[in-house]
Amino acid sequence: MADLEKIVLEAKTDDGKLETLIEQSASFILKCASSASRHPVSKSDDEWSVALAAFFQAIHDFRPERGRFLSFAELVIRRRLADYFKNQMRYRAEIQAAPEIFESGPLSRSPQPALQASVSKKLSVDEPEDLRLEIEAADMAFSRYGFSFFDLAACSPKAQKTKTACAKAVACLLKNPALLSGLHASGQLPIKAIEKATRIPRKILDRHRKYIIAAAEILSGEYPGLAEYMWFIRKELDR
């Protein structure tokens, strides 16, 4: 367990350590709030108060099996701010299921009706919001790369050979921390490195860049609901 995760667990029952952790994390909280809000946030803004409360919640809810604390805290902050924006009538993103993204398996030519119905039901405002909030958080993450969650339907691979190639490209990223870190840092898919490592044609990597980035973000992040739909790529990871 990393030092930060130990500190978080100790802060649950130690008010002094809790206060110190929150003070030392102020810059991180502001950065997450600004990213989620899509505009600079200061401590005088309401978004700061919402993000601070979310960070406190993340400390309270964190468990070691959740992985890295900062990734978990960022997701909680994004979720709380998304709810805040909706309540303030300032965040009205229309959530629609894009089932083409969620391929049910390597032999599927089109989304299964049952799957489409399931996703649509989960995304309705009357149902639990976990998956819908994951999509909102993913949409914000994808914006850093210049595309949205709903752009994926147009660039998702359809042919079996292309699906396999994209799965190998995503696996290449996830199995190489340096490449994944480079993607996060630069916002650019390391096409040349992936092409060299996998021999996947550059044309495929260029054409399906958004899909590969999105899948890598989902499978390396805190998106358990969305990750369930990517079992075909996870199968490639196990090889």
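How do Thr162, Thr13, Thr198 rank when sorted from fewest to most other Cβ atoms within 10 Å of their own Cβ?
Thr13, Thr198, Thr162
If I take R0 = 22 Å and measure r between the Cβ atoms of Lys235 and Ala153 in this structure, what FRET efficiency does the formula 1/(1 + (r/R0)^6) give, to the nearest 0.05?
Efficiency, from the Cβ-Cβ distance: 0.50.
Quick one: Cα centre-to-centre distance for region 210-239 and region 141-158, in angstrom?
Comparing the Cα centres of region 210-239 and region 141-158, I get a distance of 14 Å.
Please give the contour-minus-distance gain from Ser42 to Ile191: 0.36 nm per residue of separation, less the Cα-Cα distance, rounded to one decimal in nm.
Taking Ser42 through Ile191 to full extension adds about 49.9 nm, to one decimal.
Would you mind checking Lys175/Lys210; Lys168/Lys196; Lys12/Lys43; Lys31/Lys175 for any pair whose Cα atoms are more than 21 angstrom apart?
Where the Cα-Cα span goes over 21 Å, the pairs concerned are Lys12/Lys43; Lys31/Lys175.
In terms of the Cα gyration tensor, with a ≥ b ≥ c the square roots of its eigenvalues, is region 161-239 rounded because a/c is under 1.5, prolate because a/b exceeds b/c, or oblate?
Oblate, because a/c is 1.5 or more while a/b does not exceed b/c.
Please report, for the Cα atoms of region 3-87, the Rg to one decimal and the Dmax as a whole number; what are they, in angstrom?
Answer for region 3-87, Rg first and Dmax second: 12.4, 37 Å.
For region 61-75 and region 18-44, what is the separation of their Cα centres, given in Å?
So the separation of the two Cα centres works out to 16 Å.
Read-outs throughout are calculated quantities, based only on the coordinates presented, and are distinct from any laboratory measurement. Just so you know, these numbers come straight off a predicted model, no measurement behind them. FYI the Cβ positions are ideal-geometry reconstructions off the backbone, even for glycines, and counts take in every protein chain you see.
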